[in-house]
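Following: one structure in structure tokens, then a few remarks.
The values are calculated or read from the model by the stated rules, or taken from the named source; none is laboratory data. Owing to the predicted nature of the structure, the values given are computational and were not obtained by experimental measurement. Don't worry about glycine lacking a Cβ; one is built from the backbone with ideal geometry, like all the others, and counts go over all protein chains shown. Just so you know, the surface numbers come from the protein's heavy atoms only, side chains and all, with ligands and any DNA or RNA stripped out. Shrake-Rupley method; radii C 1.70, N 1.55, O 1.52, S 1.80 Å.
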Amino acid sequence: MLYALADCDNCFVSCERVFNPSLEGKAVVVLSNNDGCVVARSQEAKALGIPEGLPFYQMAERFPGKEIHALSSNYTLYGDMSARVMSLLRASAPDIFVYSIDEAFMMLGDSKYIAFDAKAWGEELAAKVRRWTGMPVSLGIAPTKTLAKVASKFAKRYPGYHKCCVIDTDDKRLKALALFPVADVWGIGRRTAARLEAAGIHTALDFTRLDAESVRRALTITGLRTWQELHGQDCIALEHLPRKQTICTSRSFPKMLTTKAELTVPISSFAACCAHKLRQQHSMAQYVTVFISTNPFREDLGQQSLTHTIALPAPASSDPEIAAAALKGLDACFRSGFQWKRAGVIVSGTVPEDELQTSFLDISPEQKMKFTKMSALSDKINQRHGDESLMIASALRPKDPETGKGTTFRNSILHTRRSPFYTTDIRDIIEVM
């Protein structure tokens, strides 16, 4: 069995460059919602030393005289471009597992694909994706998923690989691991990497030289699986791929809010967004946390940061259940007399959706099934007709005076630098003069 990992290079920036070629070769950053901080960078921006998470208002001061193109996030565009890339990957391999918006594993297996030269196949696929979508993709091919991740990093970093790196022999594996920092190994977190480096373990090859029992004791079964994968043993099943244990959706508001009624709409939207992400990874949450905070930079105003967690009677992932718990959390933590600048919802304690353990304190099984089916239908409608075509009532916003329709979430936040919805809105289709 061989695995091919396809990874979109600088995904958000690349999506922008597809429709604005003038950004090629320039320092480009994509900002978070409300244009708060940097969430994506081009290679040129990374070379300037722009860190991820840098507040946008500090950019001019930190990098004076530098030509930096800053764009508001356009997740509708990024999601649609990702779907186009994934459709090409799906047509090019017998089986595919979409891991994130910019990554997918292809299982080549015992099929006609394995009879071809893996290197030539990978280079041809990367060129095809670039030619048909405009998106640059790097491929790593190896006998385990972790080694495929290592190979994809080499394909991305070094032009000589022509967008595809193959690790299919033990000699190639040892050479690759000797050049690969242990901190960059998939499955080794920041804290674990610091502990390993403090012990003199700096490369992935150093890590593989540890004995299995010491790895299991220090890093549990998860670390042992990573160790085995780096040795070429395929032992991480798709259902064991790392999933988000905690999902957070939060925003800073363009203007400060003062009443609980004003906070109800964004909190409901954040909760629905978290629920949608849970369903995407086929999991359910046991806890819902709400937090609200004032503007820490306004020293002339009262400061407060409040949070409250609701334990669900049984794990859930439907919009109504997550939103209802979030609004209970808002009721519990809200205090009047403050001007609120930021709020968010966190869902945690995630479990696989097929391991649901019911509780007699929860809603009836019939009602739970109704909510589940309704949320699944909502996902299908929103995927076909656009985000928030169908939404829970508590997330409805005031009507737009021009259209008479409720303002959508994506248009209720600050996005002064956002590109058009080139592929999903007929009004934004490119005109050729």
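Here are some notes:
- Set Leu257, Leu230: member being buried (at least 16 other Cβ atoms within 10 Å of the Cβ), under 29 Å from Ser317 (Cβ atoms) and either β-branched (Val, Ile, Thr) or in contact (Cβ under 8 Å) with a residue 40 or more places away in the chain (or both): Leu257
- Candidate set from the range 273-301 (those that are open to solvent by less than 20 Å² (accessible area, probe 1.4 Å) and assigned to a helix (DSSP H, G or I)); member that is farthest from Arg335 (Cα to Cα): Leu278
- Any hit, the range 302-317, residues being open to solvent by 30 Å² or more (accessible area, probe 1.4 Å), part of a helix (DSSP H, G or I) and of a type in the set (S, T, N, Q): no
- Contact annotation: residue pairs with Cβ atoms under 6 Å, 6 or more positions apart or on different chains, pairing a residue in the range 409-429 that is part of a helix (DSSP H, G or I) and open to solvent by less than 50 Å² (accessible area, probe 1.4 Å) with a partner that is at pLDDT 85 or above and not hydroxyl-bearing (Ser, Thr, Tyr), are Asp428/Pro420; Asp428/Phe421.
- When the criteria are applied in full, Ile188 meets the requirement of being among the β-branched types (Val, Ile, Thr) and crowded, with 22+ Cβ neighbours inside 10 Å.
- Leading residue by the ranking (farthest from Val18 (Cα to Cα)) among those in the range 63-82 that are free of Cβ contacts under 8 Å to residues at least 24 places away in the same chain and surrounded by 15 or more Cβ atoms within 10 Å (Cβ to Cβ): Phe63
- Search result, residues across the range 32-43 that are closer than 26 Å to Lys153 by Cβ and open to solvent by less than 60 Å² (accessible area, probe 1.4 Å): Ser32, Cys37, Val38, Val39, Ala40, Arg41, Ser42
- In the range 102-203, counting only helices (runs of 4 or more DSSP H) that sit wholly within it, the ones holding 3 or more residues that are touching a residue at least 60 places away in the same chain (Cβ under 8 Å) span 118-133, 145-157.
- Candidate set from the range 319-347 (those that are in a strand (DSSP E or B) and not charged (D, E, K, R)); member that is surrounded by the most Cβ atoms within 10 Å (Cβ to Cβ): Val347
- Set Val30, Val98: member being out of contact with any His (no Cβ under 7 Å at 6 or more places or on another chain) and within 19 Å of Pro420 (Cα to Cα): Val30
- Looking across Pro94, Pro55, one residue alone is in contact (Cβ under 8 Å) with a residue 12 or more places away in the chain, surrounded by fewer than 17 Cβ atoms within 10 Å (Cβ to Cβ), in contact with a Gly (Cβ under 8 Å, 6 or more places away or on another chain) and over 26 Å from Lys149 (Cβ atoms). It is Pro55.
- Matching residues, the range 124-162, being more than 20 Å from Ile96 (Cβ to Cβ), among the hydroxyl-bearing types (Ser, Thr, Tyr) and in contact with a Phe, Trp or Tyr (Cβ under 7 Å, 6 or more places away or on another chain): Tyr161
- Candidates are the residues of the range 209-222 that are within 14 Å of Gly187 (Cα to Cα) and either among the hydroxyl-bearing types (Ser, Thr, Tyr) or modelled with pLDDT of 90 or more (or both); the one that is surrounded by the most Cβ atoms within 10 Å (Cβ to Cβ) is Val215.
- If you go through the range 18-31 and keep only what is part of a helix (DSSP H, G or I) and open to solvent by less than 40 Å² (accessible area, probe 1.4 Å), you end up with just Leu23.
- Matching residues in the range 1-17 - criterion: being over 23 Å from Tyr158 (Cβ atoms) and in a helix (DSSP H, G or I): Cys15, Glu16
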